[in-house]
1. With contacts defined as alpha carbon pairs under 8 Å and 6 or more residues apart, what's the relative contact order of the stretch B:280-351 in percent?
2. Give the Rg (one decimal place) followed by the Dmax (whole number) of the protein assembly as shown, computed from C-alpha coordinates and expressed in Å.
3. Quick check on chain A: helices-only [θ] at 222 nm, where DSSP H runs of length 4 and up contribute -39,500 (n - 2.57) each and the sum goes over total residues. Nearest 500, please.
4. Quote the relative contact order of chain A in percent (integer), defining contacts as alpha-carbon pairs under 8 Å separated by 6+ residues.
5. Can you name the chain B residue with its Cβ nearest the rotation axis from B to A, and give the distance in Å as a whole number?
6. With contacts defined as alpha carbon pairs under 8 Å and 6 or more residues apart, what's the relative contact order of the stretch A:226-369 in percent?
7. Work out the mean other chain Cβ neighbour count within 10 Å for the residues of B:384-393 and drop it here as an integer.
8. How large is the charge dipole for the stretch B:1-133, taken about the Cα centre, if only the Cβ atoms of Lys, Arg (+1) and Asp, Glu (-1) carry charge, to the nearest 20 debye?
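Just so it is clear, none of the values below were taken in a lab; they were calculated from the coordinates. Note that the structure is predicted; figures quoted are calculated from it, not measured. Here Cβ is always computed from backbone atoms with ideal geometry, including for glycine, and neighbour counts include all displayed protein chains.
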2 protein chains.
Amino acid sequence: MDLLTICQKASDNRYFTAKLSTDVKNGLLLKAADLIVKEADYICSENAKDMERGKANGLPKGLLDRLFLDPARLEGIAEGMRQVAALPDPIGEVLGMQKRPNGLLIGQKKVPIGVIGVIYEARPNVTADVFALCFKTGNTVILRGGSDAANSNKAITTVIQKALAEEGLKTECISLIEDTSHEVVGRFMKMNQYVDLLIPRGGAGLIRNVVENATIPVIETGTGNCHIFVDESANYDMALDIIENAKTQRIGVCNAAESLVVHEKIAEDFLPLVYERLSAHQVELHTDETSTNILKDTIPATEEDFGKEYLDYKMSVKVVKDIDEAIAHINHYNTGHSEAIVTENYENANRFLDEIDAACVYVNASTRFTDGFEFGFGAEIGISTQKLHARGPMGLEALTSRKYIIYGNGQIRN
Amino acid sequence: MDLLTICQKASDNRYFTAKLSTDVKNGLLLKAADLIVKEADYICSENAKDMERGKANGLPKGLLDRLFLDPARLEGIAEGMRQVAALPDPIGEVLGMQKRPNGLLIGQKKVPIGVIGVIYEARPNVTADVFALCFKTGNTVILRGGSDAANSNKAITTVIQKALAEEGLKTECISLIEDTSHEVVGRFMKMNQYVDLLIPRGGAGLIRNVVENATIPVIETGTGNCHIFVDESANYDMALDIIENAKTQRIGVCNAAESLVVHEKIAEDFLPLVYERLSAHQVELHTDETSTNILKDTIPATEEDFGKEYLDYKMSVKVVKDIDEAIAHINHYNTGHSEAIVTENYENANRFLDEIDAACVYVNASTRFTDGFEFGFGAEIGISTQKLHARGPMGLEALTSRKYIIYGNGQIRN
């Protein structure tokens, strides 16, 4: 099917999906979960084609691992769908209903957004995850996955469409753009007439491409150059635990810490402790002049280091003279993701919470908590680093819009 | 000042504006209001230059009227600023703060968006209105007004900057792009590094240009092809009052009705009553086949009529066989603004509220109520017809973002 037809059919389907009851939506998700497990042989054999081509094309090990599917992984994907089925359905809730002086009763109703396009890379599990979240919120979804996972994405989409058909629902609730050429993705990003929202999921290059070229509204899910600021009054043990956790517990994720900022009054005492703690994980420190003088055995940081999302066992270090300089440094270099202060000072804690411009600002906790499950949403479609609509971890709520509903009894305007 | 410098200075100023207390912000708004009245001679003499050039260039009367300023209109602008000062400040409110099982206390704090760009046409009052709303919510604003109002916009901006200076605040809280060339506005729309949000205010052409060319997130304020559906069970008197009000009370506004949809079972009785009521206002009806046969003396509608925002004494008429066809017709042709049903049928009222896809959906009331003041917001920066972030009338709330603030006591992630 060509791109225009896919988009038109999805748009025509929007009112069908939007009207489905919670029971029907949950029933379909459970059915699709079962079918993904039942059809494991088919999905895995299609996945094997992608794996074979990926190996032949010399894909890096990390990518091959993300691409790989086996029955255990499919059971995990199915379990994710069952969890989404178990979550409360946000659609239909009415907020803030109030009576106006003229008798009009005005409230805001949560409704589906409509048609959501998701552009992602070689992670076939995203196909099922994204469908589950969009379908639960009454949205129709158009997926465009990476070419490396083309057969796997096609197989999972086919199985979900089979579940839809078996439940007597329309298969257009999910569609996959099989043509993975750049030309087609470029046109897809401009289908404003049919698509309401684009969510890019993947690396910085993919996201930049979508932000720069889409005319459809985009929710930017993003890179994280997350900082830990250790204030003069910090509890050293707490600070070391938080730094170690935020830097090393999982290095390839956007909520991992990349930059350490330390108050100059404690730098001489504290930095050697950091060095010792992180050396156990072979973390390479890229240090500013002051911290290089203290630590000696580190790599002098360049300007570029302070803005970098390493996603690696590397961390930049900056010594500042006070909280003002810490806040200014972080607001200059951060990517609007997650930032933490470690302090025992009440005023500095509050200033950091107030003045740091990021999706999530922490006092005395690891930045690794920025996550839909850790925040209690029960699901996550990504972490938004932009300021409109949704900011921070996005659960089902982020996939809803609102409309005003107004009950009158003949009111006209004077 | 060149565009890049304006944007950089505004972006550098963002943290200054964001930190101002409510008292300081309100004080500035009152000061600026007084100064606008005090400097009426200066502003009016600058406005006279725009008026003179507008007349020489043959601007239509309606545009010249929107452009014109006199002391009474400036008093109105000042009063608007005082009203914004009197509104509650949304910034700093924390929503939904909850304790997680691990002891983290997580809430969402309302914060300024940052730097807001507003692109508008020849309405100098927008300069002051937009500044007041953006400043009240701690945002820095960059304005780009139409060339027809260049001197007036410059004069109002200068007076507001004078108020800022006299209060010891930074004049960068408001800046005006004086170069009104297309080239500059084109570059402005791609200044993602410095500007967080673009709001176009003006006609359909301006809005389309911004939506298609901006890479900065946009809130689309839009055109309204608003419908009134008169159901089989409607109270005729109520329906006639609502149609007359929505169509004729003010014709040039986006919440005016443009399309009438009537149930076929009442068409023969009801349409002549509509014809009579609207003839008193010289409204020209563009009718589908069935209604042309009933009314005789009308203009047959073309396909184009049903999608049109006339902003004139014109209305399209469509007869439908049931509420399903009414909903399908409206969802096909509407612009996502405001739609109304007139009915005494409980089920149809609820179906209309549920299934119509628009910012504001009414039962038994005029679409003309879609307005920030009528909704009780005390202010309005525009009416959003898109589905993300803000939908429907936008008050101060729409100019805020949220960030998660997290209070911990040493939590790390397992």
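1. On the way: 61 pairs, mean separation 21.1, N = 72.
With pairs under 8 Å counted, the relative contact order is 29 percent.
2. In Å, with Rg to one decimal and Dmax whole: 28.5, 93.
3. The helix-only estimate for chain A comes to -13500 deg cm²/dmol at 222 nm.
4. 17 percent.
5. B:H389, 2
6. Rounded, it is 34 percent for the stretch A:226-369.
7. Other-chain Cβ atoms within 10 Å of each residue's Cβ, averaged: 5.
8. I would put it at about 660 debye.
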